[in-house]
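For reference, the structure is listed below as structure tokens.
Each value in this text was obtained by applying a stated rule to the coordinates, not by laboratory testing. Remember, it's a predicted structure, so these values are computed and weren't measured experimentally. No Cβ is skipped: glycine too gets one built from the backbone with ideal geometry, and neighbour counts run over all protein chains shown.
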Ligand SMILES: CC(C)(COP(=O)(O)OP(=O)(O)OC[C@H]1O[C@@H](n2cnc3c(N)ncnc32)[C@H](O)[C@@H]1OP(=O)(O)O)[C@@H](O)C(=O)NCCC(=O)NCCS
């Protein structure tokens, strides 16, 4: 467990750590370095169909977005970079863990550039972040949600081991009507089981 973790008296300090494996590096967002690449990736309209983002008008809009992630007191935000090419794959954020009903909870979200969808990068980034959350930060549950129409996001979470816990209608400001939102939970136990199963599978191959 991370020594900086402290909860119960309201003082929470979580380090923004660089996470990496053979395939990816997740480093703290650097607005000057990341904004030009992310501006190009964000020109793809398909990335924004089911998120609160939009195609940015100019690079300053992206700078503001990335600076906002960095300044947000409740999240840790990373830039995901490909291990081989160094290209920016996306952004990933994890909520600073908070207590709820006696458990340590976090929330995650990610935006992956379309050219990297379903290339294994999203899953690799999830693995790094979940190991950090569950093992270093002692998180017990990660919560996440997506609009039911966001098939990519729902399938990606289900594939990562998240369990669907609720479907509820909520007003979607982009579409101006109520739509179903799916709420998911990944428990530490379920994640550990999934990691153990994939290790066994690898050992058998
Ligand atoms: C949502 C998002 C992060 C998912 O990442 P992804 O790279 O597209 O998907 P993953 O590689 O994680 O998918 C994992 C598995 O889920 C399943 N899956 C994912 N998308 C699917 C789809 N459209 N149809 C069927 N199965 C799908 C597949 O089994 C896939 O594994 P495979 O590629 O080996 O077959 C990415 O599409 C994205 O950033 N979209 C735009 C922003 C966004 O919507 N963010 C989430 C907001 S809640």
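Taking the number of Cβ atoms within 10 Å of each Cβ as an exposure proxy, the fewest-first ranking of 47, 42 is 47, 42. Report summary: the helix-based calculation at 222 nm, which adds -39500 (n - 2.57) for every DSSP H run with n ≥ 4 and divides by the residues of the chain, gives -9500 deg cm²/dmol. Projected label points at residue 164 and residue 205, each 7 Å from Cα along the beta carbon direction, are separated by 2.9 nanometres. Summary of the geometry: region 98-140 and region 13-44, compared by the centres of their Cα atoms, lie 15 Å apart. Here the gap between residue 58 and residue 43, fully extended at 0.36 nm per residue and compared with their Cα-Cα distance, gives a gain of 4.4 nm.
Arranged from fewest to most other beta-carbon atoms within 10 Å of their beta carbon, 58, 82 become 58, 82. Listed by Cβ neighbour count within 10 Å, with the fewest neighbours leading, 171, 116, 134 appear as 171, 116, 134.
Under a Gaussian network description of the chain, with springs only between Cα atoms under 10 Å, the residue in 81, 192, 111 that fluctuates furthest is 192.
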